[in-house]
1. Please go through the stretch 112-128 and give me each residue that is more than 14 Å from the ligand (Cβ to nearest atom) and surrounded by fewer than 19 Cβ atoms within 10 Å (Cβ to Cβ), ordered by number.
2. If I ask for residues that are assigned to a helix (DSSP H, G or I) and either among the aliphatic types (A, V, I, L, M) or touching a strand residue (DSSP E or B) at 6+ places or on another chain (Cβ under 7 Å) (or both), which ones from the stretch 95-117 would you list?
3. List every residue pair whose Cβ atoms lie under 6 Å apart, where the two residues are 6 or more positions apart in sequence or sit on different chains, the first residue falls within the stretch 99-123 and is free of Cβ contacts under 8 Å to residues at least 40 places away in the same chain, and the second residue, located anywhere, is small (Gly, Ala, Ser).
4. Identify the single condition in (1) in contact (Cβ under 8 Å) with a residue 12 or more places away in the chain; (2) touching a helix residue (DSSP H, G or I) at 6+ places or on another chain (Cβ under 9 Å); (3) not charged (D, E, K, R) that residue 449 does not satisfy, given that it satisfies every other one.
5. Which members of the stretch 314-349 meet the condition of being away from the ligand (no atom under 13 Å from the Cβ), more than 18 Å from residue 256 (Cβ to Cβ) and either of a type in the set (Lys, Arg) or crowded, with 19+ Cβ neighbours inside 10 Å (or both)?
6. Which of the following residues is at positive phi and surrounded by fewer than 16 Cβ atoms within 10 Å (Cβ to Cβ): 61, 109?
7. Any residue in the stretch 85-94 that is touching a residue at least 12 places away in the same chain (Cβ under 8 Å) and touching a Cys at 6+ places or on another chain (Cβ under 9 Å)?
8. Please work out which one of (1) within 16 Å of the ligand (Cβ to nearest atom); (2) buried (at least 22 other Cβ atoms within 10 Å of the Cβ) is the condition residue 93 fails and give its number.
Amino acid sequence: MGTQDQRLTKDELDSPSLSQELVSLQLLSGRALRGTWLRPHPSRPTWVYIEDAVLLYNEQGEILSLIEVENWLRQYPSLSLPSVHRPGAVWLPGFVDTHVHYPQTNIIGSASGPLLDWLETSVFPEESKFAHDQYAQLVADRFTDSLLRNGTTCAAVFSSSHVSATDLLFKTFAATGLSGEIGLTLMDRGAPAAVLCEASEALAGSERLIESWHGYDEGRLGFCVTPRFGLSCTPELLRGAGRLAQDHQLMVQTHISENRAELVATSEAFPTAKDYLGVYEDLGLLHERSLFAHCIWLSEDEWRRFQAAEAAVAHCPDSNFFLGSGQMPLSEVRSREVRMGLGSDVGAGRSFSMRKACARAYDASRITESAVTPQELLWYATRGGAIALHRPRLGALEPGSFADVVAITPPPAIGQEDLSLGERGLDTLISQLIFCEDWQGTEEVICRGISRWERDE
Ligand SMILES: [Zn+2]
């Protein structure tokens, strides 16, 4: 990233000035967070580094402004500056995980791939346990804690096929302050009976969950229509899912084109579909609110239709490595300007950390095509994910955004006392922030202005 980009960005992002009364009120109420900041550009994958600034937010946890200390001293000379919160750490918007499976929390790291074997051996037996609320709640607690401790403040989540377990997950998200797109996983064939739910029952259950949760807390929680994938749904269920999304203008999330054997089985299960994307296209599931995980083996024509429909990609490189699925062609996404977020895809992904997802995406791109930059990856893991989920108030530090932020400590530059960029420069700082996870890592996570997780000292 050139320095010109950064300078332009900084100018564009100049905050409106706030009245002294308003600033003073937030200060007195403790709604001022001073530290070192990485601020993403709202629409381009670049970052601005601000060594010392104060984030002000209101009672509703909405950002009012991010004010550089030198501007503060000029504009509000009579107001005292708050002290730096977590010196040595860098603050940035919380991560957005665009693809993760809550009922796979307990089987993370189970090496039984490739995909179809892994589903049969590790996933379906585990997901059947979510018929029991007590177990579902234990996992929901672990799941939300795992997101927070890795700095993730919003996630697009596949639940199990059980309405009650999904309701519990929504409740747990509400209690922990996390934001999310959460879906009842739809499946009515191709798996053991214990994880199947007949189409009319699954759609009626979805309607109840929409009624209870969709749009909760100013839209921080959303219901997402979630057919697992073509192989586990009858055309009748997929058609009903498409209608449900249309009727309520909901997001849709599913998997596509992950594994070669899955491709063959899908074309046999849907003999009249043009190709894999055609399965979803024919049944009302391809549009600008659709989010597709993997996208590894899409044809040129599928990419063209994908782009035309303005659908989004959830890129899950760690899962793709672990199940030996293949490599999503990042060059297609970038050249076609397709919206994309990164996904942990736990439990096929081995970590809830979006920083690990960045590292895997970097490694894969380095080997197979021109390397994506760490700045781009960090942006995809935050702001890019928010855009993929149609959540304009997330992944940003703009006035009106939710104050969802995370503090991460990068390895300090040796021989340097402060966090000034110095010889390290912005690109290296961001590289070390996302790739050097064996340093201290996540320090604190704040959702809507409220501290939700802190590292034990
Ligand atoms: Zn998945």
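The values are calculated or read from the model by the stated rules, or taken from the named source; none is laboratory data. This is a predicted model, so every value here is computed, not measured. Heads up, the Cβs are rebuilt from the backbone with ideal geometry, glycines too, and the neighbour counts pull from every protein chain shown.
1. 112, 117, 120, 121, 125, listed by residue number.
2. Listed by number, the residues that qualify are 102, 107, 115, 116.
3. 112/122; 121/112
4. (2)
5. The one that is away from the ligand (no atom under 13 Å from the Cβ), more than 18 Å from residue 256 (Cβ to Cβ) and either of a type in the set (Lys, Arg) or crowded, with 19+ Cβ neighbours inside 10 Å (or both): 334.
6. 109
7. Yes, the stretch 85-94 has at least one match.
8. Just one mismatch for residue 93, condition (1).
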